[in-house]
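J.: Have a look at this one.
Any read-out appearing in this document is the output of simple, stated calculations on the displayed coordinates, not a laboratory observation. Note that the coordinates shown come from a computational prediction; the quantities given were computed from them, not determined experimentally. Every residue, glycine as well, gets a Cβ built from its backbone with ideal geometry; the counts of neighbours run over all protein chains shown.
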Amino acid sequence: MTRVAVVTGAARGIGAAVVRRLVAAGWSVVAVDRCADDPAVDYPLARPDELTALAQDTPRVQTLVGDVREPSTLVAACDLALRHYGRLDAAVACAAVIAGGEPVWEIPERSWQTLLDVDVTGVLNLARAAVPRLLAAPEPRSGRFVALASAAAHQGLWRLGGYCAAKHAVLGLVRGLACDLRGTGVSAVAVSPGSTHTDMLRATATIYGLADPAALGEHQLVQRLLSPDEVAAAVAWVCSPESAAVTGSVVHADGGFGS
């Protein structure tokens, strides 16, 4: 039996690593990404050719270009999974942006709204699209809803208060969702990465005036940056049947960030 997932933010970084991990474990995947820059985000976002390359290099992947802020995008992604693969077993919300550089009381309205719309409402939109379809599977179910939170969800970070707030909201959303899913066989889990070698981390380094993002790895017990694949390994495990005892909680794939 081939299990099927929808993954957002899939064109690069942790999202792309999750797609590759799942496919390596025998899954089929619908990979979703905006594949366009956002005027409210101060660094380049994924490009269409990155999503195309992911599908070309990885078997059993269907792609969809769309914004997680648009509910219709995620409904279309879930329906594509059902139409092309005949089932949906997991939904993984990786899409996110980061913004910062100022104290909380000076956060620009545009930055604040973008963080909430992409990082929080994007997760909610995926839940709205995916959960009814996960629940439509016959019993006994083993559906998975996974959202990428962040080490920033668990402690304050200088000049990143808006991002911390958004990722903390993701935790609350996942915990509430898990309670609403009680007894259904569908779980909801957050995975919190630490400093990971991604384009988003390079943007964080720029906010902090660091020439080398690797310096951010010094805050972790592993004394280095994580690779996207290391975080994806945790996500893939949460998606697997072996994670059935884990719901309503957080997997800290953070290299000991802040410990």
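J.: Counting only residues 5 or more places away or on other chains, whose amide H sits under 5 Å from the amide H of residue 192 once H atoms are built in the peptide plane?
T.: Those qualifying (amide H under 5 Å, at least 5 residues apart or on another chain) are 149, 251, 252, 253.
J.: How do 1, 200 line up, fewest other C-beta atoms within 10 Å first?
T.: Going from sparsest to densest Cβ surroundings: 1, 200.
J.: Quick check for you: which residues of the stretch 168-188 have the amide N under 18 Å from the point 7 Å beyond the Cα of residue 116 toward its beta carbon?
T.: From the stretch 168-188, the list is 168-174.
J.: Sticking to Cα atoms, compute the Rg of the chain to one decimal and its Dmax as the biggest Cα-Cα distance, whole number, in Å.
T.: Cα-based Rg and Dmax for the chain come out at 17.1, 53 Å.
J.: Between helix 71-85 and the chain, what is the angle of the helix's C-alpha long axis to the longest principal axis, kept within 0 to 90° and rounded to the nearest 10?
T.: On a 0 to 90 degree scale, this one is about 40.
J.: In a Gaussian network model over the chain where Cα atoms closer than 10 Å are linked, find which of 188, 165, 77 has the largest mean-square fluctuation.
T.: Comparing 188, 165, 77 in the GNM, the peak value goes to 165.
J.: Calculate the FRET efficiency for residue 180 and residue 105 from the Cβ-Cβ distance with a Förster distance of 45 Å, rounded to the nearest 0.05.
T.: Efficiency computed from Cβ-Cβ geometry: 0.85.
J.: Separate question: What list of ³J(HN,Hα) couplings, whole Hz, do you get for the stretch 228-243 from phi and the Karplus terms 6.51, -1.76, 1.60, once you set θ to phi - 60° and write x for glycine and proline?
T.: x, 5, 5, 5, 4, 4, 5, 5, 4, 5, 4, 6, 7, x, 5, 8
J.: Relative to the longest principal axis of the chain, what angle (0 to 90°, nearest 10) does the C-alpha long axis of helix 48-57 take?
T.: Its long axis makes an angle of about 50 degrees.
J.: On to the next question. Per 0.36 nm of contour for each residue apart, how much would the distance between residue 139 and residue 222 grow if the chain were fully extended, relative to their Cα-Cα spacing?
T.: That works out to 25.7 nm of additional length.
J.: Please determine, in degrees from 0 to 90 and to the nearest 10, the orientation of helix 13-24 with respect to the longest principal axis defined by the Cα atoms of the chain, where the helix direction is its Cα long axis.
T.: That helix lies at roughly 30 degrees to the long axis.
J.: While we're on this one: By how many nm would the segment from residue 1 to residue 58 lengthen if fully extended, with 0.36 nm per residue of separation less the alpha-carbon distance?
T.: 18.6 nm
J.: Distance in nm between label sites at residue 24 and residue 36, each 7 Å beyond Cα in the beta-carbon direction?
T.: Computed distance between label sites residue 24 and residue 36 equals 3.3 nm.
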